[in-house]
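Notes follow once the structure below has been shown.
The values are calculated or read from the model by the stated rules, or taken from the named source; none is laboratory data. Model, not experiment: these values are computed from the prediction. We place every Cβ from the backbone using ideal geometry, glycine too, and count neighbours over all the protein chains shown. Heavy atoms of the whole protein, side chains included, go into the accessibility calculation; ligands, DNA and RNA do not. Shrake-Rupley method; radii C 1.70, N 1.55, O 1.52, S 1.80 Å.
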Amino acid sequence: MTARLSARLAGVLASLMLALAPAPRALAQSAPEADPDQSQQLYQQALQSISEGRKNDASETLMRLIEQEPQHAGAWLEVALIQCELGHAEEAERLFTTIEERFKPSRGILDLIAGARATGCAQWHRYAQSSFSFGRGIDQNVNQGATVNTYTTANLTGTPVELPLTDDFLPKHDQYTLLTADYLSDLTPNGTIGFAQFQGRRYDRLGRYNSSSLFLGFDTPWRYGNWTLHGSATVGLITLGTGLYQRQTQVQARVGPPLPLPGSMQFSVTTGLTHVDYMTLSNFNANTWELRGQFNYRLEEDSASASLAYLDDRATGARPGGDRRGWLFTSQWRRRLSDSLNGELAYTRQTWNSSSAYSPGFINEVRAQTTQVLRATLTYPLSQTQSIQLEARQVRNRENISIFQYNDRQLQLSWQWQGL
């Protein structure tokens, strides 16, 4: 997404400059009177479509705007640049010539048009972005070991029995190496993107907890009037130790209703279904349905988001504890601390409540779980494409079944590279 936004930034700024240029008097007098509010709304819709990569939608909206307000110079320039990016060379040249003859643009706009001509409009230009990171970290509880050393249960006569936990159930500390790689690219001229994400973690001593994951998917946007819609599908594989541990498939739909929100605030509703197969565990496969509402807020120096989701997790077999339901709250705040330092704070709180006893006859409690994660990150850019990141994470998992309760702290330093 960053590549697409940066690639369009020059065009958007140029549009704003050209829109300020006075239209010829004859053109202004002969143009039909337009509703300023409606014209501004159409222009904002077009810019939103451009930022999301929906070039065809943006072009259609801009042409509607030009029909209503022929002297809107910014719309003429944007639609010309879009036609050039889509590879429609003849149409782009016709629009560039019209701009030069009707609007007498400034030298900066003429240079922009000359640059587009020099680059060529012979074919659609696909935007792509990739990133890679390498990190070292410390994990104080690799295996999510319990905060207690014993577990109290009852024998057949009802007498409490205290059982000591084996070493496998107690916290284990280790250091690790982390590799990540991400790639996304346009698949169509109207904003559909494909993506791939890989992550691998290797511990220095506890090799049986090594993990890796690979996710592939796509996301496609639509617009219906002032409503926006994104549909996505993802498939993923997760390994643990030396074998395949989990397989996931997910479909999601995100809707952005046209609410009258202040400033740079946006609201969206997401619904989705995730299916998980556990390759080495019996009766743990499940389908999870999600309904999420999310607010996003962005300023020049700050950005923030908060979401609340209801989760319904249905087991496909005789899973311990049966079905479960819960809530997930997430919040995130990013801020530019200085010209050379960015900070981020994130908080997550997830609750799960099972529907039946976890293991009747041995663990008779109905499991109730609350997990809180606090994360803080500092990022220092080394160049336009490279940065150093320091991340601290704390996890507190509270449960009514003591052997599942755990704490964890992690500290990680990584080098990151991002390119277009």
Single unsatisfied condition, ASP313 versus (1) open to solvent by less than 40 Å² (accessible area, probe 1.4 Å); (2) closer than 15 Å to GLU399 by Cβ; (3) at pLDDT 95 or above: (2)
Matching residues in segment 101-133 - criterion: being assigned to a strand (DSSP E or B) and among the acidic types (Asp, Glu): none
Number of the condition not met by GLY120 [criteria: (1) more than 21 Å from ILE50 (Cα to Cα); (2) modelled with pLDDT under 85; (3) not acidic (Asp, Glu)]: (1)
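Matching residues to (1) modelled with pLDDT under 95; (2) surrounded by fewer than 16 Cβ atoms within 10 Å (Cβ to Cβ):
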residue: SER282; (1), (2): yes, yes
residue: ALA286; (1), (2): no, no
residue: PHE329; (1), (2): no, yes
residue: GLN332; (1), (2): no, no
residue: SER355; (1), (2): no, yes
residue: TYR358; (1), (2): yes, no
Residue match in segment 60-74 (condition: exposed (fewer than 14 other Cβ atoms within 10 Å of the Cβ) and under 30 Å from TYR358 (Cα atoms)): no
Any hit, segment 77-84, residues being touching a Leu at 6+ places or on another chain (Cβ under 8 Å), open to solvent by less than 50 Å² (accessible area, probe 1.4 Å) and small (Gly, Ala, Ser): yes
Number of the condition not met by SER232 [criteria: (1) among the hydroxyl-bearing types (Ser, Thr, Tyr); (2) surrounded by 17 or more Cβ atoms within 10 Å (Cβ to Cβ); (3) part of a loop (DSSP other than H, G, I, E, B)]: (3)
In segment 264-285, residue nearest to ASN296 (Cα to Cα) [restricted to those that are under 22 Å from the mean Cα position of the chain (by Cα) and either aliphatic (A, V, I, L, M) or outside any strand (DSSP E or B) (or both)]: MET265
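For (1) of a type outside the set (Lys, Arg); (2) in a helix (DSSP H, G or I); (3) at pLDDT 85 or above, each residue gets a yes or a no:
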residue	(1), (2), (3)
ARG8	no, yes, no
GLU33	yes, no, no
ILE50	yes, yes, no
ASN56	yes, yes, no
Count - residues of segment 288-310 that are assigned to a strand (DSSP E or B), touching a Ser or Thr at 6+ places or on another chain (Cβ under 9 Å) and surrounded by fewer than 16 Cβ atoms within 10 Å (Cβ to Cβ): 7
Failed criterion for LEU261 (all others in (1) at pLDDT 95 or above; (2) more than 14 Å from the chain's Cα centre (by Cα) hold): (1)
Selection count where residues are out of contact with any helix residue (DSSP H, G or I) (no Cβ under 9 Å at 6 or more places or on another chain) and either open to solvent by 40 Å² or more (accessible area, probe 1.4 Å) or part of a strand (DSSP E or B) (or both), scope segment 199-224: 18
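If you go through segment 149-185 one residue at a time, how many are in a loop (DSSP other than H, G, I, E, B) and at pLDDT 90 or above?
4
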Where a residue in segment 355-373 is more than 16 Å from ASN407 (Cα to Cα) and without any contact (Cβ under 8 Å) to a residue 60 or more places away in the chain and its partner, wherever it lies, is open to solvent by 40 Å² or more (accessible area, probe 1.4 Å) and β-branched (Val, Ile, Thr), with Cβ under 6 Å and at least six apart: ALA357/VAL366
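Look through ARG375, ARG336, ARG367, ARG393 and report the one residue that is outside any helix (DSSP H, G or I) and open to solvent by 80 Å² or more (accessible area, probe 1.4 Å). Steps first, answer last, please.
Numbers: ARG375 fails: open to solvent by 80 Å² or more (accessible area, probe 1.4 Å); ARG367 fails: open to solvent by 80 Å² or more (accessible area, probe 1.4 Å); ARG393 fails: open to solvent by 80 Å² or more (accessible area, probe 1.4 Å).
So the residue among ARG375, ARG336, ARG367, ARG393 that is outside any helix (DSSP H, G or I) and open to solvent by 80 Å² or more (accessible area, probe 1.4 Å) is ARG336.
Just wondering, is there one or more residues in segment 375-393 that are in contact with a helix residue (DSSP H, G or I) (Cβ under 9 Å, 6 or more places away or on another chain) and either closer than 21 Å to ASN141 by Cα or free of Cβ contacts under 8 Å to residues at least 60 places away in the same chain (or both)?
Kept after step one, since they are in contact with a helix residue (DSSP H, G or I) (Cβ under 9 Å, 6 or more places away or on another chain), are these residues of segment 375-393: none.
Scanning segment 375-393 turns up no residue that is in contact with a helix residue (DSSP H, G or I) (Cβ under 9 Å, 6 or more places away or on another chain) and either closer than 21 Å to ASN141 by Cα or free of Cβ contacts under 8 Å to residues at least 60 places away in the same chain (or both).
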Number of the condition not met by GLY241 [criteria: (1) touching a Leu at 6+ places or on another chain (Cβ under 8 Å); (2) farther than 25 Å from ASP312 by Cα]: (1)
Segment 240-260 residues that are assigned to a strand (DSSP E or B), paired with ones that are loosely packed, with under 12 Cβ neighbours inside 10 Å (beta carbon under 7 Å, 6 or more apart): GLY243/THR280; TYR245/THR280; VAL255/TRP227; GLY256/TRP227
